[in-house]
1. What is the order of CYS71, CYS65, fewest Cβ neighbours within 10 Å to most?
2. Quick one: order MET57, MET27 by neighbouring beta-carbon count within 10 Å, fewest to most.
3. With equal scatterers on the alpha carbons only and no solvent term, can you work out the Debye log10 of I(q)/I(0) for the stretch 6-102 at 0.10, 0.17, 0.24 1/Å?
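Just so it is clear, none of the values below were taken in a lab; they were calculated from the coordinates. What you see is a predicted model, and the numbers here were worked out from it, not measured in a lab. Glycine gets a Cβ as well: all are built from the backbone with ideal geometry, and neighbour counts include every protein chain shown.
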Amino acid sequence: MLRAKRDSLGGAASKAIPSLGEVEGRMMVLELIALTALTRLIRLHDIGERVDLINAMRHAIDRKCHDARLCGTDTKSAEEYAEELLASAQEQAIVLESIRNDA
C-alpha cells in the first residue's frame, strides 16, 4: 500500500504493490472499524432516525460506486456487502440496546 514514508523505508516496506495478506489484513481492520462505528452510531439514534441514517448511507454507497464507475456486477457486490454490514450493525445495536435497557 502507499505509505507516507514509503520511499525512505527500503526493503519490502518500500514496495508500492501490497501483498494479498496485507490487503486482506487492512480490509479486515476496516470492516471491524466500520462495523463497530456503525453499531454505535445506529444505537445513538432514535428508531425513527435510524431509517433515515441507513438510507443516507445506502445513497452514499450507491453514489460512490457510480462515481468510481464500477461495472454492474461490482456495484451489486458492493451494495450487497454494504447491506450485510448495515444489517449486522443494526442487529448488534438492537442487542446492545436491549442489554442496556435490561440492566
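1. Numbers: CYS71 9, CYS65 19.
The most exposed by this proxy come first: CYS71, CYS65.
2. Working: MET57 17, MET27 10.
Going from sparsest to densest Cβ surroundings: MET27, MET57.
3. So the normalised log intensities work out to -0.41, -0.88, -1.23.
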